[in-house]
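Heads up, the thing below is written out as structure tokens.
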Amino acid sequence: MDPKKQQLPPKENALFKRILKCYEQKQYKNGLKFAKQILSNYPDHGETLAMKGLILNCLGRKEEAYNFVRQGLRNNLKSHVCWHVFGLLQRSDKKYDEAIKCYRNALKWDKDNLQILRDLSLLQIQMRDLEGYKENASEVYRGLIKRNPENRNYYLKLEEALGLTTAEERIKLYEELKEKFPRAQVPKRLPLNYARGEVLISLLDPYLRAALQKGVPPLFTDILSLYDDPERIKIIENLMYGYLKNLKETGHLCETDNEYKEPASILYVLMFLAQHHSYLGDTEKALSLIEQAIEHTPTLIELYIVKGKILKHAGDYVGAYEALQEAQALDTADRYVNSKAASYLLKANLVRQAEEMCSKFTREGVSAMENLNEMQCMWFQTECAQAYHRLGQYGDALRKCHEVDRGLMVVCQVPSEPFLYRKSVVRVVTDLWEGPGQLGHNPLA
């Protein structure tokens, strides 16, 4: 039928909008009355016929409903309303596959209609048709990566959207992304998780050299996830010792880097190898390497922090504390070093000394322990309780546990809760309330 004949004048168009409102408010009799007024003047108007059929379906008159909807669809095949209504009828009869087809036809004529998209997505979820517009997802994720190439989650979701399952496919994807985003670190780091053998060496070598030239202290933490495979551990060790040998002999990490010389590179190689051997349980070798690094640059705080961690892993908490004391002497305003030193003292069951250590960053005129309780410093209270328990001072341990519990109860009394409800972020509230309830579920707690 001629599309111009399907356009209603302003008066009838206003009546049609009232039909939609009556349907939403379940005022079916009024809706039928308005439909009758339009059809008396425009008996072939497809969308009105479809809406009349939809209302009749709600009143249980299915046969009439289908007749009107089909008639409306015949009169206006290009109407998203007619196709949407036909889909609603099919859904009410549990003909979900047919309903999905109708919704898709509706979207051909109005692709941005949120109501149709919502109905289609709900039906697809119900039918476990989770593919949906998966073919478009990869382009969306590529756009997100372009916006923020350092977001690791975007890359992982892009892998999923593309349906990549083999290591070769994933590595090929990251080679492409590295060319597009040469300054981004994530597309250089993620393929290391999938590579093995010679491929891993070819990818890991430039990655490690770049980090060592820049002087990246947390390099070991960055690639720690690769230590789940003995073969990869051996590759990392061989590469690092190769760098160390080259630096001592030529001052360069390797032959291809002969134009670049950074005296501090050897320091970061030694620090990495110290952490490497500590992780593998070779404390003696780790301490020897970190002492060489400290001898090279005795003013770098990170070296003393690493030494403290090595001693902690070996079970020497007092030695770990002493290493952190040296670090604190270099920077007395470093709160992280202060907290780590206090933590090592508590692990050594030296509660009084730990309290004195924390007093450097608490309010003057108040005892450190009282101020820490007031600030709800729960890591300190928890480790205090564990220290008292190891010492057999069960009363003090229980008192600390009660202080932690009281702190959690105060946290739960959030004054902004009504605001959260008004902003419709109920999940935030439920997550907040569930947190304290989950504390006792850990069998090791």
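A short reminder: the numbers here are calculations on the coordinates, not readings from a lab. What you see is a predicted model, and the numbers here were worked out from it, not measured in a lab. Positions of Cβ are backbone-derived with ideal geometry, glycine not excepted, and every protein chain shown enters the neighbour counts.
When each of the peptides 57-66, 268-277 is scored by how many other beta carbons lie within 10 Å of its residues on average, the order from highest to lowest is 268-277, 57-66. Principal-axis analysis of the Cα atoms of the chain puts helix 378-391 at an angle of about 50° to the longest axis.
Taking Lys and Arg as +1 and Asp and Glu as -1, the other residues whose beta-carbon sits under 13 Å from that of Gly215 total 0.
7 Å from Cα along Cα→Cβ at both Lys108 and Gln292: what's the point-to-point distance in nm? Each label point lies 7 Å from its Cα, and together they span 7.2 nm.
Across q = 0.11 Å⁻¹, segment 3-132 modelled as identical point scatterers on its alpha-carbon atoms has Debye log10 I(q)/I(0) values of -0.36, in the order of the q list. Once Rg and the Kirkwood radius are both taken over the C-alpha atoms of segment 140-298, their ratio Rg/Rh works out to 1.01. Considering all alpha-carbon pairs of segment 298-353, what whole percent are spaced by more than 19 angstrom? The share of Cα pairs beyond 19 Å in segment 298-353 comes to 18 percent.
The alpha-carbon atoms of segment 133-194 define a convex hull whose volume equals 69 cubic angstrom per residue.
From most to least packed by mean Cβ count within 10 Å, the peptides 249-255, 45-51 give 45-51, 249-255.
What you get for the chain, charging only the Cβ of Lys and Arg (+1) and of Asp and Glu (-1), is a dipole of about 3360 debye around the Cα centre. Each of Lys146 and Val366 was given a label point 7 Å from its Cα along the Cα-to-Cβ line. The distance between the two points is 5.3 nm. In the chain, helices alone account for a calculated mean residue ellipticity at 222 nm of -22500 deg cm²/dmol, with every DSSP H run of four or more residues adding -39,500 (n - 2.57). Between Phe181 and Gln126, the simple spin-label model (points 7 angstrom out along Cα→Cβ) gives 3.9 nm.
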